[in-house]
1. From the list ALA25, ALA37, ALA18, ALA50, which one is modelled with pLDDT of 95 or more and either of a type outside the set (Phe, Trp, Tyr) or within 20 Å of the chain's Cα centre (by Cα) (or both)?
2. I need the full set of residues from the stretch 154-199 which are among the hydrophobic types (A, V, I, L, M, F, W, C), over 20 Å from ALA50 (Cβ atoms) and under 20 Å from the mean Cα position of the chain (by Cα), in order please.
3. Mind listing whichever residues of the stretch 157-187 are within 22 Å of PRO97 (Cβ to Cβ) and either of a type in the set (Gly, Ala, Ser) or surrounded by fewer than 16 Cβ atoms within 10 Å (Cβ to Cβ) (or both)?
4. Pull up the stretch 153-181, narrow it to residues that are aliphatic (A, V, I, L, M) and without any contact (Cβ under 8 Å) to a residue 60 or more places away in the chain, then point me to the one that is nearest to PHE215 (Cα to Cα).
5. Sort out for me the strands (runs of 3 or more DSSP E) sitting completely within the stretch 67-178 that have 2 or more residues that are among the charged types (D, E, K, R).
6. Can you tell me which residues in the stretch 131-156 are surrounded by fewer than 16 Cβ atoms within 10 Å (Cβ to Cβ) and closer than 25 Å to VAL57 by Cα?
7. What number of residues within the stretch 182-230 satisfy the criterion of being in a loop (DSSP other than H, G, I, E, B) and out of contact with any helix residue (DSSP H, G or I) (no Cβ under 9 Å at 6 or more places or on another chain)?
8. Tell me the residue from ALA185, ALA128, ALA159 that is within 23 Å of GLY56 (Cα to Cα) and modelled with pLDDT of 95 or more, please.
Amino acid sequence: MRDQIIARSAGMTHAAAAIASIAVAAALALSASSANATTIKATYRGAITAGFDDTGVFGSIGDLTGQDVTAVYLTNYNAFGASHASGSHLSFILGGPGYSGADIVTTATVTINGHTLSVGGTFFGEGAQFKLTPAFGLAAEVYHESDDFYVDGPLTHHALAYSGISSLVHGFVTSADYRTPLTYALQGGDGSFGGFFDQVSDPGGHILQTASGDFAPGSVTIAAVPEPSVWLLLLTGFGGLGWAMRRNRADHRAA
């Protein structure tokens, strides 16, 4: 009996060690990914203050006012040809194929009522972050935008999404670096703004598809998108954990 208890304890120790190793590896990998990420994801959530869907872009025709909205921006901070600026108080990246001949900087999705509008950023994109003090008249701000404009056969497509949160009194960003992770919900003295637009027209100028609106984000989350190598490390680690647990159960049965 004593030998069985010792064997079980050893098995649990091995499993615990495996879990700890994977946790450490995952933390280190995700930390490194955040520092060196090429893509940053910004998610704004709020409610539409005024808007209308004329052709069912978001599922049905009608007033969109009051509906929940989620706007997600993916910004490539290594976009070739984009304009950059960084300093102790602000940093930004902007550009796009139609604006400056740069690679696509920012893409976006706007989701309302379970339906999603995709904005490809083929014209312009931007990501910006400001870290100031109330003495400047602005304590902090984050902002993202994606503008899509292209011709597909006889049809012209134009879509736009933009979102921002700012504060006159709360310095809610810890760094001016736009890659810095952030989770923030609006407080008194803060402001927010956002909007979206989608239109498809034919050569005669007839509008075939359109929806637009303004919204007030109530929160924002900014985080790095892990590189593929990080996901591979995590999957490999969890696979190893599964193997360790199966072996542990087999050892228990054998004991």
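The values are calculated or read from the model by the stated rules, or taken from the named source; none is laboratory data. These numbers come from a predicted model, not from an experiment. Positions of Cβ are generated from backbone atoms using ideal geometry, with glycine treated the same way; all protein chains shown enter the neighbour counts.
1. Matching residue, one of ALA25, ALA37, ALA18, ALA50: ALA50.
2. If the condition is that a residue be among the hydrophobic types (A, V, I, L, M, F, W, C), over 20 Å from ALA50 (Cβ atoms) and under 20 Å from the mean Cα position of the chain (by Cα), then PHE172, VAL173, ALA176, LEU182, ALA185 are the ones that fit.
3. ALA159, ALA161, SER163, listed by residue number.
4. Top of the filtered list is LEU160.
5. Ranges flagged: 124-131, 140-152.
6. Within the stretch 131-156, TYR150, VAL151, ASP152, GLY153, PRO154, LEU155 meet the criteria.
7. Residues of the stretch 182-230 in a loop (DSSP other than H, G, I, E, B): 186-189, 202-206, 225-227.
This time we only want the ones that are out of contact with any helix residue (DSSP H, G or I) (no Cβ under 9 Å at 6 or more places or on another chain), so: 186-189, 202-206.
Matching residues across the stretch 182-230 total 9.
8. Of ALA185, ALA128, ALA159, the one residue that is within 23 Å of GLY56 (Cα to Cα) and modelled with pLDDT of 95 or more is ALA159.
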